[in-house]
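This report concerns only the one structure given below.
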Amino acid sequence: MFDQPFGRRTLLRGAGVLGAASVGLWSAGCGDDDADALTFFFQANPEEADARLRIIHAFQSTHPDIRVRTVLSGPDPMQQVSTFCAGGKCPDVLMAWELTYAGLAERGVLTDLNTMLARDPGFAAQLKADSIRDLSDTFAFGGGQYALPEQWSGNFLFYNKALFDQAGLPRPPDRWDKLWSFTEFLTTAAALTKRDGSGKATQWGFVDTWVPYYSAGLFGMNNGTPWCRPRMNPTHLNFDDDAFIEGVQFYADLAGAHRVAPKAADQQSISTMDLFTSGKAAMALGGHWRYQTFSRAETLDFDVTVLPAGPKSDRASSNIGTTGLAIAASSPRKQQAWEFVKFATGPVGQALIGASGLFVPVLTSGTKSAGFASAHNRIRNLAVLTDGPAHSGYLPVTPVWQKIDALMDRDIGPVLRGRRPATSLKTGLSRAVDQVLGSP
Amino acid sequence: MISIDDGGMPTKRRARAGRAFVAPNLAAIAVFMLFPLGFSLYMSFQKWDLFTPAKFVGLANFRHLFTDDPLFATALRNTAVYTIGTLVPAVLISLVVAALLNRKLKGISVFRAVVFVPLAVSSVVTAVMWQFVFNTDNGLLNTMLGWVGIGPVPWLLDPGWAMVSLCMISVWKSVPFATVVLLAAMQGVPHTLYEAARIDGASATRQFISITVPLIRGALSFVVVITIINAFQAFDQVYVLTGGHGGPETGTYVLGIMLFQHAFTFLDFGYASALAWVMFAILFGLTLLQLRLTRRSALEL
């Protein structure tokens with residue numbers, strides 16, 4: 001068979017043919033059949049992804065000429081979208097988060113939607129009349145409008161009605177204008193905490209399903225001091241304010257001094273979500289994104305209530321958690337992208353969002369719609385959700401939020417573990433944050 | 001029959017063919033190693049966030065790193081603790097394991113294979129597996145400690161213990177490679193030396209200290225250098241085990257995490273490049289020192 005010498009030329013020729021073939025196959029394999037489609041980048045769990053697909057299908061039925069290709073984010077959307085955009089493959093429509101979009105806006109990644117709104121005065125007027133100003137202002141940075149809000153994701157409390165009844169406790173407030181104090185909240189949480197003979201908790205009064213160092217700030221804010229003034233591009237955050245610190249300390253003491261909430265060690269084998277779902281926790285702090293999980297637990301009889309207000313505050317507030325839709329500045333399909341953003345953030349898309357039961361709409365027409373009410377028929381205190389956006393305090397909007405986030409994680413951690421008092425934030429965290437804000 | 005007759009090929013043609021064969025590899029090295037190295041050095045003198053044009057800042061990144069960034073000192077200290085906490089136990093355990101495996105026993109090959117398993121497991125899988133072991137409430141380790149009356153240890157929740165946990169995983173991961181190298185070296189030690197020592201009445205421990213260790217000094221030095229380099233570059237295990245912030249608090253905030261955070265979270269690629277070159281300089285210095293010490297002791301031998 002090999003009676004002829006296997007020459008170098010033959011070898012090189014063969015290698016060349018193989019190489020060319022593999023390059024050809026590779027480029028064919030990576031070929032993009034949807035090159036003309038509008039790309040939509042978002043982060044979602046499987047259920048939320050389904051809801052988004054419903055909106056996309058509804059959009060495509062009214063806009064058959066615009067094809068939409070979805071790009072689902074991994075666990076760190078900012079990192080992913082930065083890489084995409086820096087590499088010249090920025091998706092046309094991007095989900096934007098209230099705390100992090102400013103970094104992209106400042107770097108020129110996002111389109112100023114004021115230009116689109118100016119060309120579409122009818123939609124702009126409709127949006128203005130129907131929207132909640134604090135939410136749309138969240139994405140107004142440096143004189144531009146970099147996203148339109150699409151859902152409210154502020155925090156409130158879920159509570160287990162059966163556990164309240166068993167303990168003989170009155171139901172907590174059903175609206176944001178009815179206050180309950182830190183003291184009332186603590187007394188209630190203590191009455192709902194049960195322990196076995198060895199002192200180990202078998203039922204917790206309160207659990208947190210959000211990010212603890214953000215929740216601590218939420219309690220600080222609910223003691224009468226906002227996170228910062230002004231909201232946009234602040235040069236100082238109120239981590240050195242006595243009332244804010246008092247609120248943070250109150251939150252830390254729930255797990256520490258008062259033992260009405262689980263410590264981090266208690267949450268390693270069972271998540272706070274599971275504690276609430278399985279009836280081992282009476283109240284859970286979280287946003288609407290938890291609603292579907294709780295409502296799937298058939299034996300769980302729950303409702304929602306407002307956050308408690310501290311002694312220095314005369315009102316209870318949620319936080320302006322919101323995500324919006326933005327358009328990439330480099331998008332070659334800006335007009336198509338604008339049509340999609342208009343649809344999803346306008347009355348039709350918002351009604352669909354409300355009826356999905358997965359998100360709280362940001363337009364008044366969406367929150368008051370029959371679809372939203374019927375999607376939440378397991379709860380009675382619907383006003384906690386529908387009035388939530390209007391009763392929300394803001395978090396800072398700054399391009400350097402990622403650095404602030406890292407500092408908060410570092411410095412609030414010891415306070416939550418009970419290693420340091422919250423007053424330590426005055427000198428440690430506050431100075432470090434001010435330094436970052438002063439010299440980003 | 002295959003016959004490749006290149007005996008008559010002129011030297012020039014042979015040289016050209018040689019260059020042609022080496023060219024793809026050289027190109028790969030140039031594109032994937034030399035260019036990134038040069039580019040990162042260039043970037044270390046710039047301020048660059050991927051989107052806006054890079055701006056020359058001279059030595060500002062290095063100056064800020066050394067004089068104005070308290071987290072650099074924290075990361076350096078944590079990396080040093082992690083390196084020592086990995087190096088010392090890993091080398092000692094590897095020596096013992098290699099010595100145990102360097103015996104002619106029935107079924108020793110099975111043990112040799114088992115010992116090398118951690119080397120085959122990916123770092124991420126390792127970290128996920130150890131997360132279960134380190135669970136405070138009902139993890140394997142605390143359950144076992146409970147059997148002997150020791151209360152639960154907050155392995156991954158307390159900054160101090162988190163570093164201990166990290167070192168334990170690193171040792172577990174480093175031992176197989178070190179053992180392979182040391183075992184190979186041990187198998188090269190002439191048996192006549194041991195026989196002579198035995199005739200002179202030397203115990204097994206004495207033989208190990210006076211014959212084995214000095215004669216595997218080169219391999220030992222290699223293991224030390226490689227372990228230091230690996231420990232200094234730690235990233236994936238830390239990222240999976242305790243998160244991208246190097247938590248809890250700054251308990252596991254090592255240089256690898258700091259570099260990643262500045263590059264991909266803060267989008268400060270200039271600063272991250274400066275940090276990468278500082279890490280390189282430290283490793284280079286440590287390696288030179290180690291080689292010098294080894295050479296000196298080899299001469300003394």
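The values are calculated or read from the model by the stated rules, or taken from the named source; none is laboratory data. These numbers come from a predicted model, not from an experiment. Methodologically, a virtual Cβ is constructed for each residue, glycine included, from the backbone with ideal geometry; neighbour enumeration extends over all protein chains shown.
Which pairs do you get when a residue that is under 14 Å from B:ASN230 (Cα atoms), found in the stretch B:66-89, comes within reach of a residue that is among the charged types (D, E, K, R), reach meaning Cβ atoms under 9 angstrom, with the pair 6+ apart or on two chains?
B:THR86/B:LYS173
When the stretch B:222-260 is examined, which residues are found to be modelled with pLDDT under 90, among the hydroxyl-bearing types (Ser, Thr, Tyr) and part of a helix (DSSP H, G or I)?
B:THR242
Being crowded, with 21+ Cβ neighbours inside 10 Å, closer than 15 Å to B:ALA231 by Cβ and not hydrophobic (A, V, I, L, M, F, W, C) is the filter here, so list the residues in the stretch B:248-298 that pass it.
Correct list: B:THR252, B:TYR253, B:GLY256.
Among the residues of the stretch A:390-403, are any more than 30 Å from B:PHE266 (Cα to Cα) and more than 14 Å from every other protein chain (Cβ to nearest Cβ)? Outline the logic, then answer.
First, pick out the residues of the stretch A:390-403 that are more than 30 Å from B:PHE266 (Cα to Cα): A:390-391.
Going one step further and asking which of them are more than 14 Å from every other protein chain (Cβ to nearest Cβ), we end up with A:390-391.
Taking every residue of the stretch A:390-403 in turn, at least one turns out to be more than 30 Å from B:PHE266 (Cα to Cα) and more than 14 Å from every other protein chain (Cβ to nearest Cβ).
When residues of the stretch A:256-288 are filtered for being away from every other protein chain (no Cβ under 14 Å) and assigned to a loop (DSSP other than H, G, I, E, B), how many remain? It would help to see each step written out before you state the result.
Start the filter on the stretch A:256-288 by keeping residues that are away from every other protein chain (no Cβ under 14 Å), which leaves A:257-261, A:273, A:276-279, A:281-288.
Of the ones still in play, those that are also assigned to a loop (DSSP other than H, G, I, E, B) are A:257-261, A:278-279.
Number satisfying all stated conditions: 7.
Just to check your reading of the model, which residue among B:GLY160, B:GLY201 is within 14 Å of chain A (Cβ to nearest Cβ) and either assigned to a helix (DSSP H, G or I) or not aliphatic (A, V, I, L, M) (or both)?
Details: B:GLY201 fails: within 14 Å of chain A (Cβ to nearest Cβ).
Sole residue among the options that is within 14 Å of chain A (Cβ to nearest Cβ) and either assigned to a helix (DSSP H, G or I) or not aliphatic (A, V, I, L, M) (or both): B:GLY160.
For every residue, the table says whether it meets (1) more than 19 Å from A:TRP152 (Cβ to Cβ); (2) not small (Gly, Ala, Ser).
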site: A:ALA329; (1), (2): yes, no
site: A:LYS334; (1), (2): yes, yes
site: A:GLU339; (1), (2): yes, yes
site: A:THR345; (1), (2): no, yes
site: A:VAL348; (1), (2): no, yes
site: A:ILE353; (1), (2): no, yes
site: A:VAL360; (1), (2): no, yes
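Here is a list: A:ALA189, A:ALA201. Which entry is modelled with pLDDT of 95 or more and either surrounded by 14 or more Cβ atoms within 10 Å (Cβ to Cβ) or in contact with a His (Cβ under 7 Å, 6 or more places away or on another chain) (or both)?
Working: A:ALA201 fails: modelled with pLDDT of 95 or more.
None of the other options fit; the residue is A:ALA189.
For the stretch A:55-88, give me the residue count where each residue is of a type outside the set (S, T, N, Q), over 28 Å from A:ALA355 (Cβ atoms) and surrounded by fewer than 17 Cβ atoms within 10 Å (Cβ to Cβ). Before you say what the answer is, go through the steps one by one.
Of all residues in the stretch A:55-88, those of a type outside the set (S, T, N, Q) come to A:55-59, A:63-69, A:71-72, A:74-78, A:81, A:84-88.
Checking which are over 28 Å from A:ALA355 (Cβ atoms) leaves us with A:74-76, A:78, A:81, A:84-88.
Still in the list and also surrounded by fewer than 17 Cβ atoms within 10 Å (Cβ to Cβ): A:74-76, A:86-88.
Qualifying residue count for the region: 6.
Scanning the stretch B:123-149 for residues that are loosely packed, with under 12 Cβ neighbours inside 10 Å and assigned to a loop (DSSP other than H, G, I, E, B), which turns out farthest from the other protein chains (Cβ to nearest Cβ)?
Here the answer is B:VAL148.
Can you confirm whether B:PHE62 is out of contact with any helix residue (DSSP H, G or I) (no Cβ under 6 Å at 6 or more places or on another chain) and aromatic (Phe, Trp, Tyr)?
On the way: out of contact with any helix residue (DSSP H, G or I) (no Cβ under 6 Å at 6 or more places or on another chain): no; aromatic (Phe, Trp, Tyr): yes.
Judged against the criteria, B:PHE62 is not a match.
Look through the stretch A:430-440, keep the residues that are surrounded by fewer than 23 Cβ atoms within 10 Å (Cβ to Cβ) and touching a residue at least 60 places away in the same chain (Cβ under 8 Å), and return whichever of them is farthest from B:PHE266 (Cα to Cα).
As a first pass, look at the stretch A:430-440 and keep what is surrounded by fewer than 23 Cβ atoms within 10 Å (Cβ to Cβ): A:430-432, A:434-440.
Next, from what is left, pick out any that are touching a residue at least 60 places away in the same chain (Cβ under 8 Å): A:430, A:434, A:437-438.
Details: A:SER430: 19, A:ASP434: 17, A:LEU437: 13, A:GLY438: 16 Å.
Within the stretch A:430-440, the match that is farthest from B:PHE266 (Cα to Cα) is A:SER430.
What about B:THR83, is it exposed (fewer than 11 other Cβ atoms within 10 Å of the Cβ) and among the polar types (S, T, N, Q)? Break it down stepwise before answering.
Numbers: exposed (fewer than 11 other Cβ atoms within 10 Å of the Cβ): no; among the polar types (S, T, N, Q): yes.
The answer is no for B:THR83.
Can you tell me which of (1) within 14 Å of chain A (Cβ to nearest Cβ); (2) touching a Leu at 6+ places or on another chain (Cβ under 9 Å) is the one B:PHE264 doesn't meet?
Failing condition for B:PHE264: (2).
Between B:PRO70, B:PRO53, which is under 30 Å from A:ALA329 (Cα atoms), within 12 Å of chain A (Cβ to nearest Cβ) and exposed (fewer than 11 other Cβ atoms within 10 Å of the Cβ)?
Working: B:PRO70 fails: under 30 Å from A:ALA329 (Cα atoms).
Going through B:PRO70, B:PRO53 in turn, just one is under 30 Å from A:ALA329 (Cα atoms), within 12 Å of chain A (Cβ to nearest Cβ) and exposed (fewer than 11 other Cβ atoms within 10 Å of the Cβ): B:PRO53.
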